[in-house]
Structures are given as structure tokens and as C-alpha cells.
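For reference, the structure discussed in these notes is given below.
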């Protein structure tokens, strides 16, 4: 089920009503758990079994881990959890990719190998809930947390529908304690939660799907080489589209959870106002970058074992991060490019420790960051290296005389949205959304909320899946 | 903390918190390598009760005004549009029950068929499976591969769509894919939309916000065609699949003129080569044979198009090379508009599709003619009297006055 669908509206109203009933807390949690399974099954019912499997395996692995009296036993339980979780993820997400690459390599070695046809369906949100269950066993292994008291709380942590299929990627210590005591939203939490959901749906349904997707598709799904303007506008459009799509999902998820009285983690903090790439990754998909930092970068050695190891850890983490997004070499290059950006930034910071940018230099560095992030997005969106090269070539002036492709209205709307987004990010760069809202006059706030809600109503249209569902 | 899960690093996070500027809060990005605590979600200090009330009232008022405006534009409640969900739901009928007659094809046979009239004549209401903007061939092949279908397939033919094996197959293939598997979530949303659309006219995809904004551009950038140059709303569809040309096109000259202009842009005279034509013949014959092997049959119908458009279509593929040759190759029967003398000069507001009234007349003519050509279609003894061009052209003139 996706947030921008009519069925979700009905589902959410029913869940809210059930949650407001005077049932015992345990019954309410059972309701939420069942609702979360329905939420997931509404996409493809059989795949709920996979979700159960992932949940049960990590539950028992964590229990075994906690009860183990020897270090090797702890390690064995942890490895069991990691291997099974990553095994399931690899089969469903990377099966095709691995076979394709094996066939290609065999071909290079002169061997002709024809694998049997397979039709593996990628379960929606598998990368998100696999990372959530893994963090449970890994936190217990790293002695950062103890196992949950009961299976219901743990299962609800994995399955809780607002974050289930596209995050924010929650850690057990963030969510399990919230299930321990009865939770019910206050009236203001409910109202603010609805306001956040409106904002998220506005970003997704109106901006990302309504205004930006057609522009991006026209260039990135086309065959002809676009001109300079078209290539840049489509790439900038994609940077806005993916933000509105994913941040829109996150903010809707946070709002939905808040309506039920729960708190989810921040996942975005105005990333297009970032100055530098360390700053960007502290603002973009925060829960994923923090997960990769805690469970990949630090275990690989982090920055405590010399420069060479640090750069290796950085690059390996970002490449894995790229691969997490999709089983394609274009995602690997996207991750590698960000790893390279981070490495260069780190090198420069070490060389110029004395340097503190002023306002103008800060703005220039912010602009440079934004441009380089956009260049990386080309690999993220393009379906092949050929297409990426075509678009990048156009962005760097190789097809100055190409026939125009995008209508003027596409250029205009995209630039208005991108400009508005960047300005909004810059103006709120050192604030939370809540702090920014506090300073807005109630009349202005009412007008903004009205405009967004009305735009969502009159945009309607086919409900498109969120881009991050495929990850 | 009641739960046994707890953070052991809260002191560290408190330390970090003091270094943050006011208005910010910690995120996982600020807490490397430690257990992440329960997130904080503060509620901004605002009069939320009043704000929510104001927003609810304003959104209701604006939505009501919008609905009124959409109705003045002649959008109507109950119009389900031409989405894939609706088609997929109809296609699944074939698996659930015995379907004696199914209509396949493009927008012409879709808009130009009055299912009620067909039922009055034969007691059988055909299952409408034509898709606007799509070739009938992929759907014919799909039906041929479905052992449940043992009836009569009436295939509508606009040569530019039927013989086009690239772009015109995209929509049918998407629709077929959805009929094979549609998530419970998507089906549920469609059911809710069906219920809502009975009371709301504004749910039309062609009049959603982004589309209206995009259509403001009437060629601002030289050499580029955009949404303005694509077909706007052309159809209205009732539950059960009855589809007509959008009623506003019958009297709004500006709108029908625009649609007509778009058709001429689309239907460029681009002569087809013999190999492409032969491929379509072969694929059609295979499908026909499969359906016949189960006791069913396939017949073809060529609905009318206005003289100007027909000239362009004939340059693309003449009747002799397309229609006649296809029927001969596949050994099938068909009704061509040219062979129906009583229903010539029907009203085509935008040159490609008939008015409501003329669709009824055309349906009357082609169903009667087919009943003489195939044993799978029988005219009722008490069928209503025959209609002719005068029955709708006079009406059209009267309604436009």
C-alpha cells in the first residue's frame, strides 16, 4: 500500500479509530501489528511470509546471542543473523545482477553459459526491513542494546507500517521502548501529524509525480541526446523529484506515526543547503547514512587506523551504499562518486585546516556541492552508462545544437520548483522544520497548509509508487 | 525505561546537544557508534486547533468551487476515464464467466459502439475491451491465448493503430499486464475511486492541476511540442465499459478543432512497408486460428473517419493493401464503413469519432450486418427498427442549435 492512494486513506482512518478505542495497550499493539501486515500484504500477499521469516530468524538469533556464554557462540549467532538476512536480500535483490555478471565474465573467458530463465520479483521495501532487523541483532551483539522483552514489541518494531517499506530506517533502541508504554497522540500531535502528512503528500503527489516526473522522463527515458539546457533542467528536475519523492515519503511516515502517538527519526534536513559532502550525508537519508556508518564504516576501521584504511573504509561504505540502492553498476558508480567526493573533501580539509569559509565562499562551496551532487544523480537515474554519458555530455556542452525537447512550460515549472526548493533549504539550513514552523504567522501557516491540501486534492491522478520502494 | 532495550550512551548525546545551535535537534548523524535513543518530535507552538479548523473549511470550500468549475466544463460524475484498472477489471470477466461477444480495438470501435443498442438487437451485451490509443492486435493475441474465451471477437480497425507495432502496443500491453496481476492495494483504490467518481466530476485525470498548468504553453519554445499538442479529454466512460466521445466535443468547435488538429499531427501519411504489413497478417491469422479452434470466431469492423482524415489514412495504408488483404489472408469476415450505404455521412465532431447519437446508428448498422455474416451473433426477432444516418444527423443538428 502506498501513502498516496485512496485505499491508504481508508486504511489509515480505520487504524486511527481502532487506536483511539479504549482497548488494552496489548490489544492496540496487536491491532497495529495486524494493520502493518495488511499494509504490506496489500502490495503482494505471499511476500508477507518473507517478512515473517526475516522477523523470526533475527528474533531467535538475538535470543541465542543474548544467552550465549562464550564469545564464539555470540559471534556464531550474529553471523547466522547477518548471513541469513543478507542471503535473503541478495537472492531477491541481487540474484539477476550476479547471474548477469557471471555470464558476462564467463563470456570474456570464452565460456558460453546460458542460465535458466528466472523471474525473481523484488519484494517491496526488503532493503529497509532487512537493515532494521539486522540492526536489532547487531546492536545486541555490540552490547548497545538488550533483546526486547517480548516478541510482539519486536515484531511491531520491524513491521510498524509508517516506516516498513521506505524508512526512516529505525533502530530497535529508537522504537521498541515506545511500544512498552501506552501511546496515544494528543490533539495537537494529531493535527500536526496531519499537517506533516499533507506536506509529504504535496511533495510526492503534486511536485514529484505531477510536475517533475514528466520532465525527467522525457529526457532520461528518451533516446536522443538532449541539448545543454534540456539536460541540465532534467537533471535538476530529477534532484528535486527524488528529494520530493523520498523526503515526501519520510515526512508522511513521520506524520502518520505522530498521529498514532509515536516518534520516528528525522531522515532529511534540508540537504540541498549542504556545504560539502560530509554535510550532505548528514542531511540526506540520515538514517541510512548513519546505519552504514555504524555497521559498515566503523567496523571496517573507520578513521582510526591511518589514512589508507580510512579512505578504503570510506570508499567501500559508499560503494555498498550505492549497491544498496539497486543492483546495477550505475548505482555502484553513483556510490563510488560520492565516496570520491568525500575522500577529496577529507583530503582538502586536512590540507587546509586553518580555512574557515566566509558567507560568499560558503555559498560558492554550497553551489559547488549542489552541482556535483547533480552530476552524481545522472548515474542514479540513467538506466545505462551509455545514457548517462549522453546526458553528461550534453550537460558539458557536447550537444549545443541538439533540437530542443522540453516545452517551455516544463523548463519554467522545473526551475521554479528547484529554485524554491533550494531557497527553502538554504533559509532553513540551521533549523528543524518544527522550529521554522514555530516562527510562521498562524494565518500564513493556514494558507500554506490549505494550498498544499487543495493542490493534493486537485492533482489526484494515478498513484505512482515511491522511487525508494524499489530499493 | 520499561523496555529492556535502552541506550547506554545518553550522557554523550546530552553533551553533543549543548553544542548545537538553537532550533536544531540531534539526529542519528550526530551520534556515531552508539545506541540511538527514542527520537524527539516536538510540536511547534501554534494554535493548531484553529488552524486545522480554518484549513478544513477552506479546503472544503475550494474543493466545492473546483467541483462546480469542473462541471461547468462538462466533466460529469460517474465518468471513470480510460485507466488501465477499469480495463483490467473488464478483462478479468473473461476468466469468470462465459463471454459470448467481446469488442477489441482502438478508440474508434470504443467510442463508436453503443453497447445498449447491441444488446437490444442481439440480447447479448458485448464486453468492451477496446483501448483508446492502442492497437487491437496485442489484445486479440491475449484473448487467443486465453482458453476461457470461446466467443466472438469483434475487432475494430483503424489502420494507423492496428498495423503500428511499436507505440500503439504500449497501452494494450500495460493493460494486459495489469489484468494478469493487480495488487490488492491498487484494486482497492480503484473500487474506492469508482464510488467517489459517482459523486465527483473533478476526478478526471485530464483536468488535474499539473495538466492544466502544462497546457498553458501553446508553443512558447519554437520547435517543441508539449502537452498542449497532445489529445485532451476525448472520452467519457461509464461503469461496464460503455464509452462515448466526450460530450463537449460535440458542440465546442474550439475544442473539437484542437482535437482534430492533433489527429492530423498524429496521423502523418507514413506509408507502411510490405514486410510490416505481412507480420501483422501472420500474427492475426495465428490468433484467429487459435480462437476458431475453440469454437469462437473473429470478425473485423472498420468505423468511419472524416474525409480529410481518411485521405491521410489511405496514404498510410490503403484499403486494398490493409483491410481487404487482411480479411483475405486470415479468411475472416468484416464490415467496412464504405460497405454500409445507409450510414454514410455520420457526424464526426473531431473527424475521428462519432457523436453519441451517431454511435448508436453505426452500432445498429454494423451489428445487423455482422449478424448476417457470423453464426455467433443472432438478431432478436423483436429487435428495434433499423436506424440510418438521418436518425442521428438531424438530432446532432437539433442539439447544436
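Every number here is computed from the coordinates shown, using simple stated rules; none is lab data. Predicted model, so just to flag it, every value in this text is computed and none were measured. All Cβ positions, glycine included, derive from the backbone under ideal geometry; neighbour counts span all protein chains shown.
Details
- FRET efficiency, 1/(1 + (r/R0)^6) with R0 22 Å, evaluated for residue B:324 and residue B:293 via beta carbons: 0.30
- For the options B:36, B:193, B:120, a Gaussian network treatment of chain B with springs between C-alpha atoms closer than 10 Å singles out B:36 as fluctuating the most.
- Centre-to-centre separation between the Cα atoms of region A:1-39 and those of region A:415-460: 28 Å.
- Here the label points at residue A:181 and residue B:213, each 7 Å from Cα along the C-beta direction, are separated by 4.5 nm in the simple model.
- Remark: the Cα gyration tensor places region A:1-43 in the oblate category, a/c being 1.5 or greater and a/b not exceeding b/c.
- Our estimate of slack between residue B:379 and residue B:278, defined as 0.36 nm per intervening residue step minus the Cα-Cα distance, is 32.9 nm.
- Sorted by Cβ density within 10 Å, fewest first, the residues B:192, A:140: B:192, A:140
- By the count of other C-beta atoms within 10 Å, a proxy for reagent exposure, A:291, B:181 are ordered fewest to most as B:181, A:291.
- With R₀ set to 25 Å, the beta-carbon distance separating residue A:20 from residue B:192 gives a calculated FRET efficiency near 0.65.
- Residue order, fewest to most surrounding Cβ atoms within 10 angstrom, among A:157, A:11: A:11, A:157
- Seen through its C-alpha gyration tensor, with square-root eigenvalues sorted a ≥ b ≥ c, region A:35-103 comes out oblate because a/c lies at 1.5 or above while a/b is not bigger than b/c.
- Taking region B:74-201 and dividing mean pair separation by its residue count, relative contact order in percent (alpha carbons under 8 Å, at least six apart): 37 percent
- Just so you know, the Rg over Rh for the protein assembly as shown is 1.00, from Cα atoms, with Rh as the Kirkwood radius.
- Estimated inter-spin distance, residue B:252 and residue A:53, nm [label 7 Å along Cα→Cβ]: 5.4 nm
- Result for chain B in a Gaussian network model with C-alpha springs under 10 Å: among B:313, B:265, B:275, the largest mean-square fluctuation is at B:275.
- Listed residues B:326, B:216, B:178, most fluctuating in chain B (Gaussian network, C-alpha, under 10 Å): B:216
- Overall form of region A:6-182 per C-alpha gyration tensor (a/c, 1.5; a/b vs b/c): oblate
- Per-residue [θ]222 nm for chain A (sum of -39500 (n - 2.57) over DSSP H runs n ≥ 4, rounded to 500): -21000 deg cm²/dmol
- Placing R0 at 60 angstrom, the Cβ-Cβ distance between residue B:390 and residue A:386 gives a FRET efficiency of 0.50 after rounding to 0.05.
- Label zone (residue B:315, point 7 Å along Cα-to-C-beta; backbone nitrogen cut-off 14 Å) within region B:228-266: B:264-266.
- Gyration tensor over the Cα atoms of chain A: the corresponding equivalent ellipsoid has semi-axes (square roots of 5 times the eigenvalues, largest first) of 34, 30, 24 Å.
- Structural size metrics of chain B, computed from C-alpha coordinates, are Rg and Dmax of 27.6, 92 Å.
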